[in-house]
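K.L.:
After the structure tokens below, expect a handful of questions from me.
The values are calculated or read from the model by the stated rules, or taken from the named source; none is laboratory data. Bear in mind the structure is a predicted one, so any value in this text is a computation, not a measurement. For neighbour counting, all protein chains shown are included, and Cβ atoms are generated from backbone atoms with ideal geometry for every residue, glycine included. Quick note on the areas: whole protein, heavy atoms, side chains included, nothing else; ligands and nucleic acids left out. Shrake-Rupley method; radii C 1.70, N 1.55, O 1.52, S 1.80 Å.
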Amino acid sequence: MANITCSNIVKSYGAFPVIDGLDLSIPDHEFVVFLGPSGCGKSTMLRMIAGLEEVTGGRIEIGGTDVTDMPPGDRGVAMVFQSYALYPHMSVADNITFGLRRQGVSRSEIAPRLEQVADMLGLSPYLDRRPKNLSGGQQQRVAMARAMIKTPKVFLFDEPLSNLDAKLREKLRTEIRKMHLQLKTTTIFVTHDQLEAMTIADRIVLMRDGEIEQMGTPDEIFERPASHFVADFIGTPAMNFIDATIEAGHVARAGSIALSLSPELFPGLVPGQKVELGLRPASMDLAAPDAPNAIGGTVVLVENMGAEGQVITQVDGAEISFVTPQFRQVRAGETVHFALRPDQIHIFDPETGRSLRGV
Amino acid sequence: MTRKIFVRLALVPAISILATLALVSIAGAIWFALMNRTLRSPEYEFVGAYNFLRLLRDSRFFNALEISALWELITVTGTLGLAVLLSVLIYETVQKPLWRNVICFAFLVPVLLPRVAAAFIWRFMYSPSLGVINYLCGLVGIGPVEFLADPSLALISVAVVDIWQWGLFFTVIVLKLMETLPRDPIEAAMLDNARRWEIHAYVTLPMLKGPLVSLALVKAVESLRSFDLIFVMTGGGPGKATETLDLYAYQMGINMGGRISYASAMSLLLLVVTTIAFTVIWKAGKKWAA
Ligand SMILES: Nc1ncnc2c1ncn2[C@@H]1O[C@H](COP(=O)(O)OP(=O)(O)O)[C@@H](O)[C@H]1O
Ligand SMILES: [Mg+2]
């Protein structure tokens, strides 16, 4: 009952539109991540849904109700800020229950809800403390408790984990995900961290310059990036891009590289067409020199990543990297061969950057 | 270590000048207070604690003490109350930085006026026959009101001038303080269903508790020095209705009696009382604001 519909949203600061005609529809219970580089309008979009920012044009509906002109408090949304935004002079308990008290919920009803939420987030020992006497992770848990206790229709998170160290970030990410599995509240989560997005999202909305570049499940976004931008943004190590020309027999050639492509995936390619190949380092691995689609290169650098290693090679003067578990046998200066399956090759239009995939 | 020494050395000149000035005048006051000097005659003798004991039986002294306390209370709460109300009002209603700056500039003007000038302006405005305030009162069918001659109104009427000068000045300070507050907790409160006034009552003003306590103390010290304002506007009258301790000391020591020894004793007592009172208030205020 708390689906979110944004139609033709426009937001301008002065004459300059930051978001220009964005349409978005989020089904009930879904965990959606707004992903994109800094400054692409993720926070602006989120804050318009929260009601903290006015829309310049368009309509926002939450659960079928038009909330475009509603004040933030009446929309039934709860938000967790990057800065935690706790009330510094109130105890943890008062911070968490502030919203309920403003709604006029009775003390006898607040007490058990506070206990339940504090238990769930492990905050019970800290209820009497001031926020400044808590660690960053604990403060962010208080902010989450403050959002949860209101049992909102929608949870909004604006980069809630950015101020935490890597380990804590991972832990809280799991907790947020678990919380969603339990409560099933429609959630929008903003981040610029693609790994965070991939691990937490039901669906990713990948934004660029105030527009939606691609929307889909993490698998769809990873396996079928709709554009060069998406392919470049998602996945570590970053995708290799190579300019190539199509030759007869569905072969893409770039200097010494010749890759045979799948005619089913790319039915529209014609010989002589200029394309951009996208090769994910993670989809490639060491191969025999005569293996299909093998690429030969000189090793420049080997980066140890623990279980795997990234091998950076030079091929015809350009750098191409791939990831292999057998990186320990590879030495700089050696010539190696690596290959990938035709269905793992991405092809983009060099002009528009759009994927040339047919299906 | 060298840094510490440097800091101390740098402080020495200022502190020694201040100490000399303060100590010399305090020592002089003590010296006078132990004798029975008057301006009328050159003769005097050493009387010990006589002046202090006299003070404790002087009902006019206690009246002045009461008026002083009342004056402190009215001007401090009035100034802070006005500053908080106006700054919240401006914060909520005036969004354009240009207009805010214009308002702030206008609000700074009264405090830049010499207090004597402010006193004369308001004395004229309060005038029963010529004053603009009584003219306005007349329009709604009240008055003429003897603002400065009515014992029950005089103190308040003078306090209004003080609050006008300092309340508007403090409004600017509180507004600037509010502008430095982080936006996030305010936005969180908006999402937490807090109404406009609730946001200020429960979030912004509590966040400014520390600075507000400091401002109150500054104003309390400042209010102790309102001699010129009261002197010009009412001279302590009507009767003793606006006679604060410094006015009484002046009346006793310079104006009527010329009993400078008695006045010195009074100012010493005032010094002790205010020092104790302010130490207590300062400690309590700091604890409360923490
Ligand atoms: N109050 C504002 N005034 C002017 N421009 C703004 C304001 N807030 C955001 N912007 C601009 O809007 C764009 C999107 O900002 P934001 O939504 O915060 O990006 P993100 O959260 O994706 O990093 C940025 O280019 C930013 O400069
Ligand atoms: Mg942002």
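K.L.:
Condition check: within 16 Å of ligand 2 (Cβ to nearest atom), buried (at least 20 other Cβ atoms within 10 Å of the Cβ) and under 15 Å from the mean Cα position of the chain (by Cα). Does A:Val205 satisfy that?
P.N.:
So A:Val205 passes the test.
K.L.:
Residue by residue through the stretch A:46-67, note down the ones that are surrounded by 18 or more Cβ atoms within 10 Å (Cβ to Cβ) and among the β-branched types (Val, Ile, Thr).
P.N.:
Correct list: A:Ile49, A:Val55, A:Ile60, A:Ile62, A:Val67.
K.L.:
Oh, and also: Take residues that are over 27 Å from the mean Cα position of the chain (by Cα) and tell me which of the strands (runs of 3 or more DSSP E) falling wholly in the stretch A:286-354 contain 1 or more.
P.N.:
Because the criterion is at least 1 residues that are over 27 Å from the mean Cα position of the chain (by Cα), the strands (runs of 3 or more DSSP E) in the stretch A:286-354 that meet it are A:295-304, A:309-315, A:318-324, A:335-339.
K.L.:
Shifting gears a bit: So, in the stretch B:224-253, how many residues would count as being under 11 Å from B:Val158 (Cβ atoms) and of a type in the set (Phe, Trp, Tyr)?
P.N.:
Total satisfying the criteria: 1.
K.L.:
I'm trying to understand the selection: among the residues of the stretch A:46-81, which are within 16 Å of ligand 2 (Cβ to nearest atom) and either aliphatic (A, V, I, L, M) or modelled with pLDDT under 90 (or both)?
P.N.:
Residues satisfying the conditions are A:Leu46, A:Met48, A:Ile49, A:Ala50, A:Leu52, A:Met79, A:Val80.
K.L.:
Does A:Cys6 qualify as being within 17 Å of A:Ala197 (Cα to Cα) and open to solvent by less than 50 Å² (accessible area, probe 1.4 Å)?
P.N.:
no
K.L.:
Residues being out of contact with any helix residue (DSSP H, G or I) (no Cβ under 8 Å at 6 or more places or on another chain) and within 16 Å of ligand 1 (Cβ to nearest atom): count how many of those fall in the stretch A:172-195.
P.N.:
Residues flagged as out of contact with any helix residue (DSSP H, G or I) (no Cβ under 8 Å at 6 or more places or on another chain) and within 16 Å of ligand 1 (Cβ to nearest atom) within the stretch A:172-195 amount to 1.
K.L.:
To continue, here is another question. Of the residues that sit in the stretch B:149-159 and are open to solvent by less than 60 Å² (accessible area, probe 1.4 Å) and aliphatic (A, V, I, L, M), which one is farthest from the other protein chains (Cβ to nearest Cβ)?
P.N.:
B:Ala149
K.L.:
Search the stretch A:9-45 for residues being within 12 Å of ligand 2 (Cβ to nearest atom) and open to solvent by 60 Å² or more (accessible area, probe 1.4 Å), and hand back the single one that is nearest to the chain's Cα centre (by Cα).
P.N.:
Taking the candidates together, the pick is A:Ser38.
K.L.:
Let me ask something else about it. In the stretch A:91-118, what residues are open to solvent by less than 40 Å² (accessible area, probe 1.4 Å) and either more than 8 Å from every other protein chain (Cβ to nearest Cβ) or free of Cβ contacts under 8 Å to residues at least 24 places away in the same chain (or both)?
P.N.:
A:Ser91, A:Val92, A:Ala93, A:Asn95, A:Ile96, A:Thr97, A:Leu100, A:Val105, A:Ile110, A:Leu114, A:Val117, A:Ala118
This table checks each residue for (1) touching a residue at least 24 places away in the same chain (Cβ under 8 Å); (2) within 14 Å of chain A (Cβ to nearest Cβ).
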position: B:Leu168; (1), (2): yes, no
position: B:Val174; (1), (2): yes, no
position: B:Leu177; (1), (2): yes, no
position: B:Ala189; (1), (2): no, yes
position: B:Ala194; (1), (2): no, yes
position: B:Leu205; (1), (2): yes, yes
position: B:Val218; (1), (2): no, no
position: B:Leu224; (1), (2): yes, no
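Every residue, every condition in (1) modelled with pLDDT under 90; (2) open to solvent by 30 Å² or more (accessible area, probe 1.4 Å); (3) more than 30 Å from A:Glu61 (Cβ to Cβ); (4) away from ligand 2 (no atom under 16 Å from the Cβ), yes or no:
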{"residue": "A:Gln139", "(1), (2), (3), (4)": "no, yes, yes, yes"}
{"residue": "A:Met144", "(1), (2), (3), (4)": "no, no, no, yes"}
{"residue": "A:Ile149", "(1), (2), (3), (4)": "no, no, no, yes"}
{"residue": "A:Pro152", "(1), (2), (3), (4)": "no, no, no, yes"}
{"residue": "A:Asp165", "(1), (2), (3), (4)": "yes, yes, yes, yes"}
{"residue": "A:Arg173", "(1), (2), (3), (4)": "no, yes, no, yes"}
{"residue": "A:Phe189", "(1), (2), (3), (4)": "no, no, no, no"}
{"residue": "A:Ile200", "(1), (2), (3), (4)": "no, no, no, yes"}
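K.L.:
Can I ask one more? Looking only at the stretch A:119-134, count every residue that is closer than 17 Å to A:Tyr87 by Cα and surrounded by 11 or more Cβ atoms within 10 Å (Cβ to Cβ) and tell me the total.
P.N.:
Going through the stretch A:119-134 one residue at a time, the tally reaches 8.
K.L.:
I've got another one for you. What pairs come out if I take residues in the stretch A:139-168 that are within 12 Å of chain B (Cβ to nearest Cβ) and pair them with residues that are among the charged types (D, E, K, R) and open to solvent by 30 Å² or more (accessible area, probe 1.4 Å) whose C-beta lies under 7 Å away, six or more apart or interchain?
P.N.:
Cβ pairs passing all conditions: A:Ile149/A:Arg113.
Yes/no matrix, rows are residues, columns are (1) more than 30 Å from A:Lys178 (Cβ to Cβ); (2) small (Gly, Ala, Ser); (3) more than 16 Å from ligand 1 (Cβ to nearest atom):
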position: A:Leu206; (1), (2), (3): no, no, no
position: A:Pro218; (1), (2), (3): no, no, yes
position: A:Ala226; (1), (2), (3): yes, yes, yes
position: A:Phe233; (1), (2), (3): no, no, no
position: A:Asp243; (1), (2), (3): yes, no, yes
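K.L.:
Going through the stretch A:1-52 one residue at a time, which ones are within 10 Å of ligand 1 (Cβ to nearest atom), assigned to a loop (DSSP other than H, G, I, E, B) and either out of contact with any Asp or Glu (no Cβ under 8 Å at 6 or more places or on another chain) or outside the structural domain of A:Thr199 (by TED's automatic domain parsing) (or both)?
P.N.:
If the condition is that a residue be within 10 Å of ligand 1 (Cβ to nearest atom), assigned to a loop (DSSP other than H, G, I, E, B) and either out of contact with any Asp or Glu (no Cβ under 8 Å at 6 or more places or on another chain) or outside the structural domain of A:Thr199 (by TED's automatic domain parsing) (or both), then A:Gly14, A:Pro37, A:Ser38, A:Gly39 are the ones that fit.
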